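Enquirer: Right, I'll just put the structure down here and ask away after.
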Amino acid sequence: MDCHEVEGLLDAYQDRELEPALSVSVRLHVDVCAACRGRLANVEGIGRMIRRAPYYQAPEALRARLTQDRPRPRATSQLLVWAAAAVLVVSVTGSILFVRSSTRAARTADPVDAVAQEIVSSHVRALMGEHLFDVRSTDQHTVKPWCLGKLDFSPPVKDLVQAGFPLTGGRLDYVEGHPVAALVYTRGQHTINVFVWPEPSGAARSSDARAIRGFHLRHWTRAGMSYWAVSDVNDAELDQFVHALQP
Ligand SMILES: [Zn+2]
């Protein structure tokens, strides 16, 4: 065994990882070779240093957080879904905030807030081109009968072209698992989605305003119907729209 071979085995020799026969060969060489003895001393020195190096305990808080944040298997697959959604959203709206707040939405406890989050998600999905129209028409006399044929209620359909918010169509959508009417209005390049469903118990309520993920929302109930309007138009324009929509 020559110096070169021995040199390549010193680490394993020092760690007692060599086959007994190989280990003996290294031992015999080192006994007679000052250069390799020096190298072995070096390797042993490094080994001692490593063994003597202090181990730092992770602070309790950090340890707790690491344990907590470890994703459970189910959370992982959900993460993948969100990741896929993120790619879509980033390409369409250039915003990853959607995914982050959607995840937050899933945890929300307030039922009205949960509906609001769902409305915004629905609006975003529609804008992403998944499904904005079932019936594309600027004619309320076309949209209304279409809704009637698909739903067991008749949403009030009103063209607001005079007010600067032309009706462009409608579709069947789902909120909290129930079929709802989604009426689509436009303001310039902007889309306003109005979600309507019956809410017999709902007392007439004036507009509830909120903003989620950069979208403005208005919610009100009137004549046994629940309304949600959502858009990226500014607050003033959305108020103007809601005012125009109410008889
Ligand atoms: Zn040697």
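Enquirer: Size of the dipole of segment 144-196 about the Cα centre, Lys and Arg at +1 and Asp and Glu at -1 on the beta carbon, nothing else charged, in debye to 20?
Expert: 160 debye
Enquirer: Amide H of SER226 versus every other amide H placed in the peptide plane: which residues, excluding those fewer than 5 positions away on the same chain, fall under 5 Å?
Expert: Excluding prolines and chain starts, which carry no amide H, the hits are TRP197, GLU199.
Enquirer: How far apart, in nm, are the 7 Å Cα→Cβ label points at GLN162 and PHE133?
Expert: Label-label distance for GLN162 and PHE133, simple model: 2.4 nm.
Enquirer: To continue, here is another question. For SER201 paired with ALA35, estimate the spin-label separation in nm (one decimal), with each label point 7 Å from Cα along the Cα-to-Cβ line.
Expert: A separation of 9.1 nm, rounded to one decimal place.
Enquirer: Fewest Cβ neighbours within 10 Å first, please rank CYS33, CYS3 accordingly.
Expert: Fewest to most other Cβ atoms nearby, the residues stand as CYS3, CYS33.
Enquirer: Note down the nm distance, to one decimal, between modelled labels 7 Å out along Cα→Cβ at ASN42 and at TYR174.
Expert: 6.9 nm
Enquirer: Additional query: So for HIS219, HIS190, HIS29, fewest C-beta neighbours within 10 Å to most, what's the order?
Expert: Sorted ascending by nearby Cβ count, the order is HIS190, HIS29, HIS219.
Enquirer: Same structure, new question: What residue among ALA114, PRO156, MET225 has its Cα farthest toward the positive end of the dipole of segment 106-247, where the charges are +1 on Lys, Arg and -1 on Asp, Glu, each on the Cβ?
Expert: PRO156
Enquirer: Right, next: Which cross-chain or sequence-distant (5 or more) residues have an amide H under 5 Å from the amide H of ILE192, H modelled 1.01 Å from N in plane?
Expert: Distant-sequence amide H within range of ILE192: TYR185, THR186, ARG187.
Enquirer: Taking amide hydrogens as modeled 1.01 Å from N in the peptide plane, which residues meet the under 5 Å criterion relative to ILE212, leaving out close sequence neighbours?
Expert: For ILE212, the qualifying residues are LEU217.
Enquirer: Would you work out the charge dipole size for segment 123-247 about its Cα centre, treating the Cβ of every Lys and Arg as +1 and the Cβ of every Asp and Glu as -1, and quote it to the nearest 20 debye?
Expert: In total the dipole reaches around 40 debye.
Enquirer: What order, most packed first, do the peptides 4-16, 133-145, 226-238 have when packing is the mean number of other Cβ atoms within 10 Å of each residue?
Expert: Descending packing order for the listed peptides: 226-238, 133-145, 4-16.
Enquirer: Let me ask something else. Using 0.36 nm per residue, how much length does the chain from GLN246 to MET49 gain when fully extended, once their Cα-Cα distance is taken away?
Expert: 63.0 nm
Every read-out reported here was derived from the displayed coordinates using simple, explicitly stated rules and does not represent laboratory data. Model, not experiment: these values are computed from the prediction. Because the Cβ atoms are built from the backbone with ideal geometry, glycine has one as well, and the counts that use them run over all protein chains shown.
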